[in-house]
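Worksheet: one structure, shown below.
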Amino acid sequence: MEMSDLAIFSGKPFFDQPLYVGRPVIGDRQRFFELVNDILDRKWFTNNGRYVRAFEKEISEYLGVKHCIAMCNGTVAMEIAIRALELQGEVIVPSFTFIATAHALQWRQITPVFCDIDPATHLLDTNKLEEMITSRTTGILGVHIWGQPCGIGELSKIAAKHHLKLLFDASHAFGCSSNNKMIGNFGDAEIFSFHATKYFNTFEGGAVVTNCDDLARKIRLMKNFGFSGYDHVISIGTNGKMSEICAAMGLVNMDGLENGIAVNRERYVRYESELKNIPGLKILRYKDSGKHNYQYIVLEIEEAETGLSRDELLKVLHAENIIARRYFYPGCHRMEPYRSSCTDAPIWLPETEKVAQRVLVLPSGSAVTQAQVMAICAVIRTAFDQASKIREKLG
Ligand SMILES: *Cc1c(COP(=O)(O)O)cnc(C)c1O
């Protein structure tokens, strides 16, 4: 590929159709339509229907976890788990996460206390976490960013030592494992999101999974207004229910799960081999031990070495119809309401600040072919080879 072929010079994008990050995976359509027909025929659309129950059973078996409570989305699942665990005061959480993690706490008027991350993995830095605990701290909300287990052993020890509740936002980590145990089995409870952009989707959806019977009972009540039977309300609750259509989508997509991982892995391996040995460019490596869903192709761009900033490369890629995305930029601590209430957060979050400036996520999965991955990598290599001329052009 020549520099003049780049769309920022030629005006003609390499790809006619945009390539997106996080296109939904769609299972066997025919089977899905059959289930939808059955739902319509039986006229049972929600309220602990047959498909939600089957879905919860299949998820628990797949994860090897005692309880799965399916919900309408991951955020509501998190809000309900936070309330059921009686978290209050302050909870320690990373700032390098999707805003919903912080908002779910703030929604309950709990202060998210942002802890810095390890720049190598983008996960909570467990060495910095203990010093953030105060007399108001009631819990830790860890996030398995990019599907990597988030210091589970260390966090469990710290939580036990300080009598804190431990919750995991496992939105990225469906199908991943840690020490031969599926993510979903750790802490007091874990939360999944089955949003359309996630590796495994139910259109919109989520779940709390836990091995604790009491907690599961409480959460089950809370997601259904506190109803324990007809006309019988025994606790506070809200509406967190998953619909039958979403559960049917989940059941169909569960069948394609392993194939989806295989496709993701192929894309990841190709990206990794095409982009190695470029000074200043790093691709996040997934540890060889354990199961992984390979959902995210995460690049880090060190401007001083590549000659182009992350945002300049983003412009080059978008011009080609490669819709790469910044993730968690600029960090929760730089978004409202946290930005105004903790103005000095950037000082104690130096690694979060750096990573949020450098990260770029590339299109992957079934949304792209191996040949398209090669072309995307050629664009990136050409852009870095001609960094100074591109910078001039971008102005
Ligand atoms: C997607 C996501 C959520 C929110 O899940 P929804 O199902 O969209 O409500 C929360 N946390 C993280 C890390 C996510 O990626």
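The values are calculated or read from the model by the stated rules, or taken from the named source; none is laboratory data. Because the structure is predicted, anything quoted here is derived from the model rather than measured. A quick note on method: Cβ atoms are made from the backbone with ideal geometry, for glycine too, and the neighbour counts reach across all protein chains shown. Surface accessibility is based on the protein's heavy atoms, side chains included, excluding ligands, DNA and RNA. Shrake-Rupley method; radii C 1.70, N 1.55, O 1.52, S 1.80 Å.
If the condition is being within 12 Å of the ligand (Cβ to nearest atom), hydroxyl-bearing (Ser, Thr, Tyr) and open to solvent by 10 Å² or more (accessible area, probe 1.4 Å), then segment 75-114 contributes only Thr75. In segment 57-74, what residues are away from the ligand (no atom under 16 Å from the Cβ), part of a loop (DSSP other than H, G, I, E, B) and open to solvent by 30 Å² or more (accessible area, probe 1.4 Å)? Matches in segment 57-74: Gly64, Lys66.
The condition (being in the same structural domain as His103 (by TED's automatic domain parsing) and within 16 Å of the ligand (Cβ to nearest atom)) is satisfied by just one residue among Thr210, Thr197, Thr137: Thr197.
Within segment 182-238, the set of residues being farther than 18 Å from Asn48 by Cα and among the charged types (D, E, K, R) comprises Asp188, Glu190, Lys198, Asp213, Asp214. Considering His122, His144, the condition of being closer than 30 Å to Glu58 by Cα, within 12 Å of the ligand (Cβ to nearest atom) and open to solvent by less than 20 Å² (accessible area, probe 1.4 Å) is satisfied by His144 alone. Picking from residues in segment 37-56 that are over 18 Å from Ile191 (Cα atoms) and open to solvent by less than 30 Å² (accessible area, probe 1.4 Å), the one that is farthest from the chain's Cα centre (by Cα) is Ile39. No other residue among Lys282, Lys287 is modelled with pLDDT under 95 and farther than 15 Å from Ala383 by Cβ apart from Lys287. Meeting the requirement of 2 or more residues that are of a type outside the set (Lys, Arg), in contact with a strand residue (DSSP E or B) (Cβ under 9 Å, 6 or more places away or on another chain) and buried (at least 21 other Cβ atoms within 10 Å of the Cβ), the strands (runs of 3 or more DSSP E) wholly within segment 216-305 are 297-301. Exactly one residue out of Phe186, Phe200 is at pLDDT 95 or above, open to solvent by less than 10 Å² (accessible area, probe 1.4 Å) and among the aromatic types (Phe, Trp, Tyr), and it is Phe200.
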